[in-house]
Amino acid sequence: MTGRSIALDRRVNAIRGDLADVALAGRYFAPHYSCPQALSLRFPRTAIRSKADPESTAVSELLHGELFQAIDVAGGWAWGYSAHDHYVGYVPVSLLGVPLQPTHVVTVPAALVFAEANIKSAEQARLPMGSRVAGEVEGNFLKTGSGFIHLRHLSAMDAVESDPVSIAERLTGAPYLWGGRSSDGVDCSGLVQLCLSLCGVAAPRDTDQQMAALGEEIEPGGELRRGDIIFFPGHVGFMADGEKLIHANAHWMQVTTEPLADVVKRLEDGHALPVLARRRISL
């Protein structure tokens with residue numbers, strides 16, 4: 001490669017001082033390049049961290065069955081990116097395994113994995129909403145390699161929903177967690193990404209990325225409706241109707257529905273523009 005490297009967003013481009021994704025070889029100079037290796041998370045969920053350190057900041061989260069493209073493995077950590085949104089970071093390599101070919105996805109706040117096809121059998125695991133699983137249907141259950149999951153907690157991978165707000169409403173009360181993308185803990189953009197994904201819409205991870213990529217701007221003065229996405233400085237949520245917003249927020253530390261006017265009022269003192277954009281997605 002000749003010439004200067006271009007500036008790339010390191011949140012979604014795997015670049016380190018010593019190494020980069022081979023896919024960037026024609027655009028970014030690095031001492032070494034490596035081909036990603038696809039692996040699946042075999043644990044219910046794990047944080048994607050900014051450093052190879054369990055105490056470092058969580059930048060996102062990987063859910064059961066999701067793919068992680070590992071570019072480097074060292075010291076018990078895999079460095080790479082999540083396949084669904086290309087978000088870069090570190091995950092414990094011990095939690096990753098052979099790529100899963102998922103057949104179903106968890107669409108309720110949590111699905112239990114039972115030892116047998118019997119709700120009275122021992123609980124083996126608890127998988128959060130958005131988890132991918134693979135198996136064969138046996139009666140009212142999906143038989144997986146680690147146990148049985150009731151079909152009422154799942155949808156087929158090729159089935160999509162049409163109302164992201166109804167999905168968000170299922171998560172009412174879920175705790176706010178920086179970097180979270182699951183019913184066990186979720187942040188504002190993680191909630192939007194998760195709900196849209198179950199409706200077949202691939203959304204970026206962070207609020208600024210989502211504001212740049214999602215939907216069409218609602219005309220000034222236009223009435224809001226269910227499913228509209230409202231962007232604030234460093235925050236995002238769905239309109240539950242023409243007046244109320246459902247969002248994962250650090251004010252209430254959970255997923256809540258409240259008047260949009262209340263959210264705007266909290267932001268007015270610190271921001272000249274408390275609302276940055278109003279977008280509508282056609283599903």
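Remarks
- Test result for Ser189, under 13 Å from Met129 (Cα atoms), within 14 Å of the chain's Cα centre (by Cα) and not assigned by TED's automatic domain parsing to the domain that holds Asp85: no
- Looking across segment 186-221, the residues that are without any contact (Cβ under 8 Å) to a residue 24 or more places away in the chain and among the small types (Gly, Ala, Ser) come down to Ala212, Ala213, Gly221.
- Pick from segment 72-104, criterion buried (at least 22 other Cβ atoms within 10 Å of the Cβ) and of a type in the set (A, V, I, L, M), ranking: farthest from Arg170 (Cα to Cα): Ala78
- Of all residues in segment 214-256 being of a type in the set (A, V, I, L, M) and touching a Lys or Arg at 6+ places or on another chain (Cβ under 8 Å), the one that is farthest from Arg170 (Cα to Cα): Ile218
- The number of residues in segment 38-59 that are more than 17 Å from Asp187 (Cα to Cα) and in contact (Cβ under 8 Å) with a residue 40 or more places away in the chain comes to 7.
- Number of the condition not met by Ile167 [criteria: (1) out of contact with any Gly (no Cβ under 8 Å at 6 or more places or on another chain); (2) within 23 Å of Val275 (Cα to Cα)]: (2)
- Looking across Ser155, Ser183, Ser131, one residue alone is touching a Ser or Thr at 6+ places or on another chain (Cβ under 9 Å) and within 21 Å of Arg49 (Cα to Cα). It is Ser131.
Condition check ((1) in a strand (DSSP E or B); (2) under 13 Å from Gly80 (Cα atoms); (3) touching a Ser or Thr at 6+ places or on another chain (Cβ under 7 Å)) across all residues:
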residue	(1), (2), (3)
Ala7	no, no, no
Asn13	no, yes, no
Asp18	no, no, no
Gly26	no, no, no
Ala30	no, no, no
Ala38	yes, yes, no
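The values are calculated or read from the model by the stated rules, or taken from the named source; none is laboratory data. Computed from a prediction, not measured in an experiment: that's the story for all the values here. Cβ: placed from backbone, ideal geometry, glycine included. Neighbour counts: every protein chain shown.
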